[in-house]
1. Can you tell me the 0 to 90 degree angle between the C-alpha axis of helix 187-221 and the longest principal axis of the chain, rounded to 10?
2. With label points built 7 Å along Cα→Cβ from the Cα atoms of SER84 and GLN110, find their separation and express it in nm.
3. Pairing the Cα long axis of helix 224-239 with the longest principal axis of the chain, what angle in degrees results, from 0 to 90 and rounded to the nearest 10?
4. Given the convex hull over the Cα atoms of region 242-297, what projected area results after averaging over all orientations, in nm²?
5. Which of the lysines could a cross-linker span from LYS425 if the Cα-Cα distance has to be under 23 Å and same-chain partners fewer than 8 positions apart are dropped?
6. Show log10 I(q)/I(0) for region 311-488 at q = 0.16, 0.17 Å⁻¹, two decimals, from a solvent-free Debye sum over equal Cα scatterers.
7. What is the distance, in nm, between label points placed 7 Å from the Cα along the Cα-to-Cβ direction at SER282 and at ASP189?
8. Taking 1 over the mean of 1/r across every pair of different Cα atoms in region 478-601, what Kirkwood radius in Å do you get?
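Just so it is clear, none of the values below were taken in a lab; they were calculated from the coordinates. Please read all numbers here as calculations on a predicted model, not as lab measurements. With ideal geometry, Cβ positions are generated from the backbone for all residues, glycine too; neighbour counts draw on all protein chains shown.
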Amino acid sequence: MSYVSGYVPVIPLKNSVLFPDISMPLRIGREKSISALQKALRDNHWVILLTQKNPNASVDKIEDLYQVGTLAKVESFRMEEDGSYNIFVKAHQRIRLIHSRDSEGHIEAQTEALEDTGRLDKKTEEALLSSLRQLSDDLLDLLPGNTRQIREMIAEIEDLQTLVNMCAAYADINISDKQEILEIPVLKDRALKLLDRLQELKERLKIQRGIRDKLQESFQQNQKESILREQMRVIREELGDNEGEDLFTKFKDKIDKAGMPPEALELAKNQLRRLETSNSASPEYQMIRTHLELMTSLPWNQSSAQQDIDLEAAERVLNEDHYGLDKIKKRILQHLAVMKLRKSQQGSILMFIGPPGVGKTSLGKSIARALGKKYVRVALGGVRDDAEIRGHRRTYIGALPGRIIAGIKKAGENDPVFILDEIDKLTRGFGGDPASAMLEVLDPEQNNTFQDHYLDTPFDLSKVFFIATANSLEGIPLPLLDRMEVIDLSGYTIDEKRQIARNHLWPKQLKEHGLEDNQLQITDQALTKLLTHYTREAGVRDLQRKIASICKHMSLKIIKAEGLPLRVEEKDLEEIFGAERFSADMIGSLLPPGVVTGLAWTPVGGDILFIESAQMPGKGNLLLTGQLGEVMQESAKIALTLLKSRLPLLDPLLDFAKKDIHVHVPAGAIPKDGPSAGITMLTSMASMLLNKPVDPKIAMTGEISLRGSVMPVGGIKEKVIAAHRAGVQEILLCKRNEKDLKEIPEDIRKDLRFHFVEDVNEVLKITLGLDVPKWDQVQLPPPSPLSPTDAGT
């Protein structure tokens, strides 16, 4: 082989030393190593393999590697799906580093070949070969398995250097010893050094073989428990290991200092006695040890340092972290005031209900900061096994404590603020009902003796401040809901979002993207357009993502502008996000007859929907589409019945028996249900039958009865905010929903005109201009005289 000159890519080795004439598979996964490999594959497949001085550290400079290694050639390679490589290399020459440089994400080096110095006479070489073969045979005798092929391979090697390289490469000796052998310039010295290390390996293997032999003898004479005890004794005898005694002392001290209640203390002492008499190699030993580690690490009597509640500080923290939500903050402060007066937080269980992104979880963080307590969050979405809450019984291998006890352990205090996130996403599964398991956690009368199956002793949760979050009350069992004080968080208005973006989200994203306030600013016009044309949500989560995208986009411009301050204008938004996703007035100016704007409530906030009706020749059938639930289908049937009883009074030629009516609610892939679309369906069908369009700026929500009464519905605040966001100008509501307008921000109320109705006749008059007479004003025809047969005479 002619020696390779010039700079050659360097690939660091973590836990191996490659010797000349040895082939070996390698996995290349680090960025610098991949870069070096790709450079070698582009050139001539030659690489320099140098071993790291510290296998656990990253290689940042050439000084992190040994200066002596091997020159190797990549014989084959395969790229994996994750971008790493599996290669097969063959080492050819020992080399020493002369000079190095950084090149294209990796290190390249110039080297010199290391040739053997000193002459070796034939007799000495044969003696060393014989010693290596004999010692290799002795080592193979001590190893388990079939070693015939290795013995034959060693017997066929006649060259001392080749045998030294092979034995050094494959022997189970330290990496530092292998590197030392590689660096020795004289072949004789390398062979002697290797013989010395192989002799040490032989002695170590003899000890291990002796232990195995003793265990085998014990296994034939005693039962399983005796064998395990003998194994522990033999291992400790050979290795001088006294961990069992140290562990027993450590746990005894921890139990004395843990401050456990009597029942838990008795259990811990029993477990400690079992640990002392158990074999460290048995599964039971590990289970007892893990259980004791949990018991001694729980904060049985460790509470937060701050016990008194400072209401002014709490209010200040809430205002710093959240804009608006005045009613919510007031409710929270009232709750804290009660805790302060009774000097206890026992029974403090709140539940925040609201759409995603309105600040439910972050409010919990703020409460923890205001109270000076630890913050713990547990995500309950998708939990379908009650063992996730109560823990697994220790009889199962791999058993763990439940999420509640695990969270308390993580907090290190017995009175943290504990967030139960997405509690409405708990689902019943084969493993039980986790919602029922939560009853014991959240019931103030029971949680002072909460018993986790894994812990197997009561733990007092009464000092924990629990806060649950949910998007909807649906799916939460009533007994569980009854144990919590529900606080509703509605969506934000445009003005509130503007203030949140300006005072909270914009500064936060600038900091996260390494920008200063004076480097990037956004105009009020651009921010308003971002809110109205590129986001449409109840919370501010998507708005935060959009602001982050702006910062990323503008960061490149700032760098190209060499740090000059930039301003985000309206025109920049289209360049960043493309065409406008939403119209500021999404209602439109004209809708055809039969299409009416309705209002809906969803778990992610309010929304508008369109009810569409069409007619065709038929036999008086009603067709409903759009994945409507049973309640919504019944509302449509009631609406049709009311129209059949009223519209013929205005148009006697209207014959329902010869028409089929089709009512559709768009977004057919989404299930819909509820009674609140009653007046919307009625108006839609009336508009279609009379061929009169309804002003699209009018939206409505309300339940209807068979008597024609309009009844109240829920979610008024969310629906009104959504209508305002969509450009609605007038809203029809039930008269009994008028009280709900107090919860709506004044600036929104001023922009809207509200109609409060009690009867469907009022609905038809406002939307279609119909003057339908009331039932007591209708002149019914006189009854026809009965024939004798009809009279039953």
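1. With both axes taken from Cα atoms, the answer is about 70 degrees.
2. 3.5
3. 60
4. For the Cα atoms of region 242-297, the hull's average projected area reads 3.4 nm².
5. Answer for LYS425, where 23 Å is the Cα cut-off: LYS360, LYS365, LYS672, listed by chain and number.
6. Those come out to -0.95, -1.07, one per q.
7. Taking the simple label geometry, SER282 and ASP189 are separated by 5.5 nm.
8. Every distinct Cα pair counted, the radius reaches 16.9 Å.
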